[in-house]
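The values are calculated or read from the model by the stated rules, or taken from the named source; none is laboratory data. None of the values given here were measured: they were computed from a predicted structure. Cβ atoms come from the backbone with ideal geometry, glycine included; neighbour counts cover every protein chain shown.
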Amino acid sequence: MSAIRIRRIGTTRDQLGESPVWDERRQRLFWIDALGGLIHALDPVTGTTEQFNVPAPIGSLALRDDGGAILALRNGFAHYDFDTRTLTEGPSIGLDHPKVRLNDGKADPQGRFLAGTMHGDRAPDEAPLGGLYRLDASGALELLETDLAVSNGPCFSPDGRTFYIADSARRIIWAYDYGPEGPLANKRVFANTEPQGSGCDGATIDSEGYLWSVLVRIGKIARLAPDGTIVRTIDMPIRHPTSVSFGGPDLDVLYVTSISRSHALGDDHPDAGGLFAVEGLGIRGLPAHRFGPG
C-alpha cells in the first residue's frame, strides 16, 4: 500500500464545508460552505480560490452540463451562473419546516439531480419528514424515498446500476438497484458504521467500484469494498471531515472538506474548516456526472 500525504489547501475556513466536485473541463474544484452561504472554486495550478455568495443554508451542488451549477437550498432547487453570478429559483420540495432542509446531492448518469433532506432535533418517536428527491432538466421533481433522518453521501456504482445513500443519524449506508427510469428497488443495508462510532457523511466512488465515505465523528475516511467491508481507513488531521471527491488531472487526488463550527459539531483546531488534499493513494476516481439533458 502506497504512502500517502495529506496537506491543507489554501486558507479557507468553512463553518460546514461540503459537496466537493471536480470540474474536469475547467480543471477546478468546487465546494460549499453550507452555513456560510458560499461556493468556492479552486484552481489548483495557481492556488487561487474564488467565492460566490448564495443563500444559506446550501445543502449541495452539481455542475450543469451547459455551465453553472444546480443547487439544493433550504427547501428547493436553484440554478447558479458563475459568469454572471446570478441565481434562478427552481422547484420547491413543498415542505417548509424549520428543522428540515435539503442536504447532500449528486447528479446521476442520466443527468438528473438527486438530493436528500435532513430533519434535525426530532423527538425519539417522531418520523422524519422529507426524503430523497430527484429533479430532471425539465424541472420535473419526484420523491424517491422517505424515512431518511439525515441523508448524506449519495453516489453511484461505476455502471450506474447501484445507488448508495447514508442515513447519518442511523449510521447505515443503504444500497438500491437503480434504473434509468422508475423507482428505487431492492433496498438493502450496504454497511453499518455503528461499530466505528460514527455515522457516514459525504461519499464518492472510485474507478474500481469502491466507496469512500467520511466517518465524520471520528476524523477518518473509510474505503469500503463492493460488499460493504471496510478495507482501508485514513486518519485526518482534523476532528470532523465531511465530504470527499477525487480530482486533479488524473483524478488521483482525494479532496476533503471539513467543519469548524456546525450546529452539532465543532473543532478549535487551526486547520478545522479547511480543504485538504490526500495524495499518493494509488487510486483514481471517476468524472462527476453533470446535470442536464441525458
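Things worth noting here:
Residue by residue, here is whether (1) touching a His at 6+ places or on another chain (Cβ under 8 Å); (2) crowded, with 17+ Cβ neighbours inside 10 Å; (3) of a type in the set (Val, Ile, Thr) holds:
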| position | (1), (2), (3) |
| --- | --- |
| LEU251 | no, yes, no |
| VAL256 | no, yes, yes |
| ASP267 | yes, yes, no |
| PRO270 | no, no, no |
| GLY273 | no, yes, no |
| PRO287 | no, no, no |
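For every residue, the table says whether it meets (1) modelled with pLDDT under 95; (2) hydroxyl-bearing (Ser, Thr, Tyr); (3) farther than 19 Å from ALA34 by Cβ.
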{"residue": "LEU114", "(1), (2), (3)": "no, no, no"}
{"residue": "MET118", "(1), (2), (3)": "no, no, no"}
{"residue": "ARG122", "(1), (2), (3)": "yes, no, yes"}
{"residue": "LEU141", "(1), (2), (3)": "no, no, yes"}
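Rundown of residues vs (1) in a strand (DSSP E or B); (2) buried (at least 17 other Cβ atoms within 10 Å of the Cβ); (3) of a type in the set (Lys, Arg); (4) in contact with a helix residue (DSSP H, G or I) (Cβ under 6 Å, 6 or more places away or on another chain), yes/no style:
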{"site": "ARG134", "(1), (2), (3), (4)": "yes, yes, yes, no"}
{"site": "SER151", "(1), (2), (3), (4)": "yes, yes, no, no"}
{"site": "ASP159", "(1), (2), (3), (4)": "no, no, no, no"}
{"site": "PHE163", "(1), (2), (3), (4)": "yes, yes, no, no"}
{"site": "TRP174", "(1), (2), (3), (4)": "yes, yes, no, no"}
{"site": "GLY179", "(1), (2), (3), (4)": "no, no, no, no"}
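- Among the residues making up the stretch 12-32, those that are in contact (Cβ under 8 Å) with a residue 24 or more places away in the chain and either over 11 Å from the mean Cα position of the chain (by Cα) or over 18 Å from PHE276 (Cβ atoms) (or both) are THR12, ARG13, ASP14, GLN15, LEU16, TRP22, ASP23, GLU24, GLN27, LEU29, PHE30.
- Within the option set GLY202, GLY273, being touching a Ser or Thr at 6+ places or on another chain (Cβ under 6 Å), part of a loop (DSSP other than H, G, I, E, B), within 22 Å of LEU61 (Cα to Cα) and modelled with pLDDT of 95 or more holds for one residue only, GLY273.
- Residue within the stretch 184-198 that is part of a loop (DSSP other than H, G, I, E, B) and in contact with a Gly (Cβ under 8 Å, 6 or more places away or on another chain) present: yes
- When ARG85, ARG74 are checked against the criterion of being surrounded by 13 or more Cβ atoms within 10 Å (Cβ to Cβ) and either in contact with a strand residue (DSSP E or B) (Cβ under 8 Å, 6 or more places away or on another chain) or closer than 24 Å to CYS200 by Cβ (or both), ARG74 stands alone in meeting it.
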